[in-house]
Amino acid sequence: MQLPSPEEPRTGDAFGRVLARCRQADAAPWSAVEVIERDDGLIRANDAARYFSTLEQWPELERWAWAQATGRILDVGCGGGRHAVEWVARGHRVVGLDSSPGAVQVTRERGVEAVVGEVPELPDGLGRFDTIAMMGNNFGLLGGPDRAPRVLSALADLTSPGALLIGSGSDPGDGGSDHAAYHARNLRHGRARGQLRLRVRDEATASPWFDYWLAAPDELSALIDASPWTLETLRREPGGSGYVMCLRR
């Protein structure tokens with residue numbers, strides 16, 4: 001008897017499920033696993049406890065970037081509130097924003113105001129902010145060169161002149177054996193080299209597919225120049241691919 005065709009996972013809040021399970025286990029290492037699937041079949045598994053790490057555990061560049069925030073902060077892609085919890089503990093006013101209802105719930109349970117939403121179609125009623133944070137490699141949420149201008153403009157609309165946008169990203173580099181062919185495929189199809197099509201998996205549940213952009217700093221610079229933002233600072237991770245940009249409104 002012939003077996004039925006393999007079924008696709010059901011669509012749901014896989015990321016939120018992983019975060020909730022990790023929090024219930026007090027973020028013990030490998031108590032929950034975040035599985036990332038790329039649209040060419042590549043799969044990576046990450047320890048979800050990283051979304052609950054504390055300020056003292058972060059790399060120096062991340063701590064420096066976090067410390068630049070002032071005033072009222074919008075934490076874009078807040079996840080489980082890793083950065084927001086630390087800001088609130090030091091007296092900052094913070095609103096977390098995430099497309100995952102489960103992530104928003106975890107952030108709220110940790111004492112931070114948070115709402116469900118995503119860029120660039122931001123929810124109404126957010127108010128105005130002195131700092132926009134796209135920490136934790138969340139420049140990736142720019143999505144790609146076509147989407148990034150709309151994201152940067154929408155975030156600028158939530159601020160006044162003089163506001164700060166702090167973001168971190170990762171240069172895709174040459175890709176290495178696992179990524180070079182994918183980068184080449186992107187370029188053949190008119191996409192940016194480091195533009196990824198991803199989804200999060202948790203058992204038989206998967207998030208919708210989404211674009212996530214690993215952009216080199218020079219790829220972002222031209223887009224920033226044409227946006228309401230001005231590049232103020234660029235700092236690179238010593239010996240690594242990560243970087244932080246501070247943009248001024």
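Here are some notes:
- Counting the residues of segment 206-249 that are out of contact with any Ser or Thr (no Cβ under 7 Å at 6 or more places or on another chain), assigned to a loop (DSSP other than H, G, I, E, B) and more than 17 Å from TRP58 (Cβ to Cβ) gives 6.
- Candidate set from segment 67-98 (those that are in contact (Cβ under 8 Å) with a residue 60 or more places away in the chain, in contact with a strand residue (DSSP E or B) (Cβ under 8 Å, 6 or more places away or on another chain) and not β-branched (Val, Ile, Thr)); member that is farthest from ASP124 (Cα to Cα): GLN68
- Selection of segment 120-138 for residues being touching a Leu at 6+ places or on another chain (Cβ under 7 Å) and either part of a helix (DSSP H, G or I) or β-branched (Val, Ile, Thr) (or both) yields THR131, ILE132.
- Looking only at segment 28-42, and only at residues there that are in contact (Cβ under 8 Å) with a residue 24 or more places away in the chain and open to solvent by 30 Å² or more (accessible area, probe 1.4 Å), the one that is farthest from ALA184 (Cα to Cα): VAL35
- Scope segment 111-159; condition surrounded by fewer than 18 Cβ atoms within 10 Å (Cβ to Cβ), small (Gly, Ala, Ser) and closer than 22 Å to VAL88 by Cα; matching residues: GLY111, GLY117, GLY125, GLY127
- Residues within segment 195-235 that are among the polar types (S, T, N, Q), over 13 Å from LEU142 (Cβ atoms) and buried (at least 17 other Cβ atoms within 10 Å of the Cβ), tallied: 2
- Selection from segment 56-74 of residues that are within 19 Å of LEU234 (Cβ to Cβ) and surrounded by fewer than 17 Cβ atoms within 10 Å (Cβ to Cβ): PRO59, GLU60, ARG63, TRP64, ALA67, GLN68
- Index of the failed condition, SER153 passing every other in (1) of a type in the set (S, T, N, Q); (2) over 18 Å from GLY41 (Cα atoms); (3) free of Cβ contacts under 8 Å to residues at least 60 places away in the same chain: (3)
- Taking segment 1-100 as the region of interest, the helices (runs of 4 or more DSSP H) fully inside it that hold 1 or more residues being within 30 Å of HIS183 (Cα to Cα) are 14-24, 60-67.
The values are calculated or read from the model by the stated rules, or taken from the named source; none is laboratory data. What you see is a predicted model, and the numbers here were worked out from it, not measured in a lab. Reconstructed Cβ throughout: ideal geometry from the backbone, glycine too, with neighbour counts over all protein chains shown. All accessible areas refer to the heavy atoms of the entire protein, side chains included, with ligands and DNA or RNA removed. Shrake-Rupley method; radii C 1.70, N 1.55, O 1.52, S 1.80 Å.
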